[in-house]
Amino acid sequence: MHCIFCDLIAGAAEVSVCYEDATAIAFMDIQPVNNGHVLVATRDHYASLADVPEEVAMHLFGVALKLAPVVRKITGAQGLNIVVNSGAAAGQDVLHYHVHVIPRYRGDGFDIQLPFPGSAVPDRTVLDATAARIIAATRDPVGPRA
Ligand code: 5GP
Ligand code: ZN
(Lines give C-alpha, C1' and ligand atoms only; values in the text may rest on other atoms or scores of the structure.)
(Ligands and ions follow the chains in the order given, each with its own letter.)
Protein backbone atom coordinates (compact mmCIF):
# COMPACT_ATOMS: atom_id res chain seq x y z
CA MET A 1 0.00 0.00 0.00
CA HIS A 2 1.22 3.50 -0.86
CA CYS A 3 2.54 5.47 2.12
CA ILE A 4 3.25 9.22 1.97
CA PHE A 5 5.67 9.08 4.93
CA CYS A 6 7.67 6.26 3.31
CA ASP A 7 7.90 8.51 0.22
CA LEU A 8 9.21 11.42 2.33
CA ILE A 9 11.72 9.17 4.10
CA ALA A 10 12.93 7.74 0.78
CA GLY A 11 13.51 11.28 -0.52
CA ALA A 12 10.71 11.02 -3.09
CA ALA A 13 8.78 14.05 -1.80
CA GLU A 14 9.58 17.42 -0.25
CA VAL A 15 10.10 17.39 3.51
CA SER A 16 11.71 19.59 6.16
CA VAL A 17 13.69 17.24 8.38
CA CYS A 18 14.71 18.49 11.84
CA TYR A 19 16.22 15.31 13.36
CA GLU A 20 17.26 11.86 12.15
CA ASP A 21 19.02 8.75 13.34
CA ALA A 22 19.05 5.07 12.34
CA THR A 23 15.56 4.40 13.77
CA ALA A 24 13.68 7.69 13.76
CA ILE A 25 13.16 10.71 11.56
CA ALA A 26 11.48 13.94 12.63
CA PHE A 27 10.10 16.53 10.24
CA MET A 28 7.79 19.53 10.15
CA ASP A 29 4.08 18.77 9.82
CA ILE A 30 2.86 20.07 6.43
CA GLN A 31 -0.27 21.55 8.04
CA PRO A 32 0.88 22.49 11.54
CA VAL A 33 -1.50 23.23 14.42
CA ASN A 34 1.04 25.96 15.20
CA ASN A 35 4.45 26.73 13.69
CA GLY A 36 6.96 24.21 15.07
CA HIS A 37 4.58 21.22 14.97
CA VAL A 38 6.92 18.22 14.52
CA LEU A 39 6.18 14.62 13.58
CA VAL A 40 8.57 11.95 14.88
CA ALA A 41 8.20 8.89 12.66
CA THR A 42 9.77 5.46 12.45
CA ARG A 43 12.26 5.12 9.60
CA ASP A 44 10.76 1.70 8.80
CA HIS A 45 7.08 1.36 7.98
CA TYR A 46 4.83 0.30 10.86
CA ALA A 47 1.15 1.18 10.50
CA SER A 48 0.27 2.03 14.09
CA LEU A 49 1.37 1.67 17.71
CA ALA A 50 0.13 -1.93 17.76
CA ASP A 51 2.68 -2.82 15.05
CA VAL A 52 5.77 -1.04 16.41
CA PRO A 53 8.37 -3.12 18.32
CA GLU A 54 8.52 -1.91 21.92
CA GLU A 55 12.14 -0.71 21.75
CA VAL A 56 11.36 1.31 18.61
CA ALA A 57 8.30 2.89 20.28
CA MET A 58 10.43 3.76 23.33
CA HIS A 59 13.12 5.25 21.12
CA LEU A 60 10.57 7.44 19.29
CA PHE A 61 9.16 8.69 22.57
CA GLY A 62 12.71 9.49 23.67
CA VAL A 63 13.25 11.54 20.49
CA ALA A 64 9.95 13.37 21.10
CA LEU A 65 11.07 14.15 24.67
CA LYS A 66 14.41 15.44 23.40
CA LEU A 67 12.77 17.67 20.76
CA ALA A 68 9.96 18.97 23.00
CA PRO A 69 12.00 21.56 24.96
CA VAL A 70 13.84 22.57 21.78
CA VAL A 71 10.55 23.20 19.95
CA ARG A 72 9.27 25.10 22.95
CA LYS A 73 12.43 27.21 23.08
CA ILE A 74 12.57 28.12 19.38
CA THR A 75 8.83 28.88 19.13
CA GLY A 76 8.28 30.49 22.53
CA ALA A 77 5.29 28.18 22.98
CA GLN A 78 3.49 28.32 26.32
CA GLY A 79 2.80 24.57 26.37
CA LEU A 80 3.05 21.38 24.33
CA ASN A 81 0.98 18.35 23.45
CA ILE A 82 2.69 15.06 22.68
CA VAL A 83 0.06 13.03 20.87
CA VAL A 84 -0.20 9.61 19.25
CA ASN A 85 -3.27 8.76 17.21
CA SER A 86 -3.20 4.98 16.85
CA GLY A 87 -5.69 3.53 14.39
CA ALA A 88 -8.20 5.19 12.07
CA ALA A 89 -10.87 5.04 14.79
CA ALA A 90 -8.59 7.18 16.98
CA GLY A 91 -8.12 9.79 14.26
CA GLN A 92 -4.92 8.45 12.64
CA ASP A 93 -4.95 9.68 9.04
CA VAL A 94 -1.46 8.62 7.95
CA LEU A 95 -1.01 4.94 8.68
CA HIS A 96 2.74 5.14 9.31
CA TYR A 97 3.45 5.37 13.04
CA HIS A 98 4.37 8.84 14.29
CA VAL A 99 4.35 10.98 17.42
CA HIS A 100 3.13 14.59 17.24
CA VAL A 101 4.99 17.31 19.15
CA ILE A 102 2.62 20.28 19.08
CA PRO A 103 3.55 23.71 20.44
CA ARG A 104 0.57 25.37 22.15
CA TYR A 105 -0.54 28.85 23.10
CA ARG A 106 -3.40 29.94 25.31
CA GLY A 107 -6.45 30.54 23.14
CA ASP A 108 -4.95 28.99 19.97
CA GLY A 109 -8.23 27.14 19.42
CA PHE A 110 -6.80 23.62 19.15
CA ASP A 111 -8.23 21.36 21.77
CA ILE A 112 -7.95 17.78 22.93
CA GLN A 113 -10.72 18.24 25.42
CA LEU A 114 -10.43 15.99 28.47
CA PRO A 115 -12.56 15.13 30.23
CA PHE A 116 -14.72 14.59 27.15
CA PRO A 117 -17.71 16.94 27.60
CA GLY A 118 -20.86 15.05 28.38
CA SER A 119 -19.12 11.73 29.15
CA ALA A 120 -20.43 10.03 32.28
CA VAL A 121 -18.51 9.57 35.55
CA PRO A 122 -18.94 5.81 36.09
CA ASP A 123 -19.61 4.19 39.43
CA ARG A 124 -16.42 3.32 41.39
CA THR A 125 -17.26 -0.40 41.05
CA VAL A 126 -16.96 -0.07 37.26
CA LEU A 127 -13.59 1.73 37.55
CA ASP A 128 -12.33 -0.87 40.05
CA ALA A 129 -13.49 -3.78 37.86
CA THR A 130 -11.77 -2.33 34.80
CA ALA A 131 -8.57 -1.68 36.78
CA ALA A 132 -8.64 -5.32 37.96
CA ARG A 133 -9.03 -6.58 34.38
CA ILE A 134 -6.05 -4.45 33.29
CA ILE A 135 -3.92 -5.80 36.17
CA ALA A 136 -4.81 -9.39 35.25
CA ALA A 137 -4.16 -8.86 31.54
CA THR A 138 -0.83 -7.13 32.25
CA ARG A 139 0.31 -10.17 34.26
CA ASP A 140 -0.72 -12.52 31.44
CA PRO A 141 2.61 -13.48 29.77
CA VAL A 142 0.92 -13.81 26.37
CA GLY A 143 -1.27 -10.74 26.81
CA PRO A 144 -1.81 -8.15 24.08
CA ARG A 145 0.58 -5.21 23.68
CA ALA A 146 -1.30 -2.26 22.20
P1 5GP B 1 -2.45 11.66 12.11
O2 5GP B 1 -3.90 12.10 11.97
O3 5GP B 1 -2.15 10.48 11.21
O4 5GP B 1 -2.03 11.47 13.54
O5 5GP B 1 -1.59 12.90 11.60
C6 5GP B 1 -1.12 13.02 10.31
C7 5GP B 1 -0.36 14.32 10.22
O8 5GP B 1 0.45 14.27 9.06
C9 5GP B 1 -1.27 15.56 10.08
O10 5GP B 1 -0.98 16.49 11.10
C11 5GP B 1 -0.91 16.10 8.69
O12 5GP B 1 -0.90 17.50 8.62
C13 5GP B 1 0.46 15.51 8.43
N14 5GP B 1 0.76 15.25 7.02
C15 5GP B 1 -0.06 14.67 6.11
N16 5GP B 1 0.54 14.58 4.92
C17 5GP B 1 1.78 15.11 5.09
C18 5GP B 1 2.89 15.30 4.19
O19 5GP B 1 2.84 14.99 3.02
N20 5GP B 1 4.01 15.87 4.72
C21 5GP B 1 4.08 16.26 6.03
N22 5GP B 1 5.23 16.82 6.44
N23 5GP B 1 3.06 16.10 6.89
C24 5GP B 1 1.92 15.53 6.43
ZN1 ZN C 1 5.20 4.22 5.56
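The values are calculated or read from the model by the stated rules, or taken from the named source; none is laboratory data. Here the structure is a predicted model, which is why all the values come from computation and not from measurement. Methodologically, a virtual Cβ is constructed for each residue, glycine included, from the backbone with ideal geometry; neighbour enumeration extends over all protein chains shown. Ligands, DNA and RNA are stripped out before the accessible areas are found, and what is left, the full protein with its side chains, is counted by its heavy atoms. Shrake-Rupley method; radii C 1.70, N 1.55, O 1.52, S 1.80 Å.
Taken as a whole, the condition of being more than 12 Å from ligand 1 (Cβ to nearest atom), surrounded by 10 or more Cβ atoms within 10 Å (Cβ to Cβ), of a type in the set (Ser, Thr, Tyr) and within 30 Å of Gly11 (Cα to Cα) does not apply to Thr130. Considering Ala41, Ala50, Ala57, the condition of being aliphatic (A, V, I, L, M), closer than 14 Å to His98 by Cα, away from ligand 1 (no atom under 11 Å from the Cβ) and out of contact with any Leu (no Cβ under 7 Å at 6 or more places or on another chain) is satisfied by Ala50 alone. Just a yes or no: is a residue in region 102-122 of a type outside the set (Asp, Glu), open to solvent by less than 60 Å² (accessible area, probe 1.4 Å) and closer than 23 Å to Asp21 by Cβ? Yes: one or more hits. Given the structure, is Ile25 buried (at least 18 other Cβ atoms within 10 Å of the Cβ), aliphatic (A, V, I, L, M), on the phi < 0 side of the Ramachandran plot and outside any loop (DSSP other than H, G, I, E, B)? Yes. Here Asn34 meets each of (1) part of a loop (DSSP other than H, G, I, E, B); (2) within 16 Å of ligand 2 (Cβ to nearest atom); (3) more than 18 Å from Gly91 (Cα to Cα); (4) open to solvent by less than 70 Å² (accessible area, probe 1.4 Å) with one exception, condition (2). Does Ala41 satisfy the condition of being open to solvent by 70 Å² or more (accessible area, probe 1.4 Å) and either within 17 Å of the chain's Cα centre (by Cα) or modelled with pLDDT of 95 or more (or both)? Answer is no for this residue.
Counting just the residues of region 61-83 that are among the hydrophobic types (A, V, I, L, M, F, W, C) and open to solvent by less than 60 Å² (accessible area, probe 1.4 Å), which one comes out farthest from the chain's Cα centre (by Cα)? Among them, the one singled out is Ala77. Taken over region 99-136, the residue count meeting the criterion of being assigned to a loop (DSSP other than H, G, I, E, B) and over 24 Å from the mean Cα position of the chain (by Cα) is 5.
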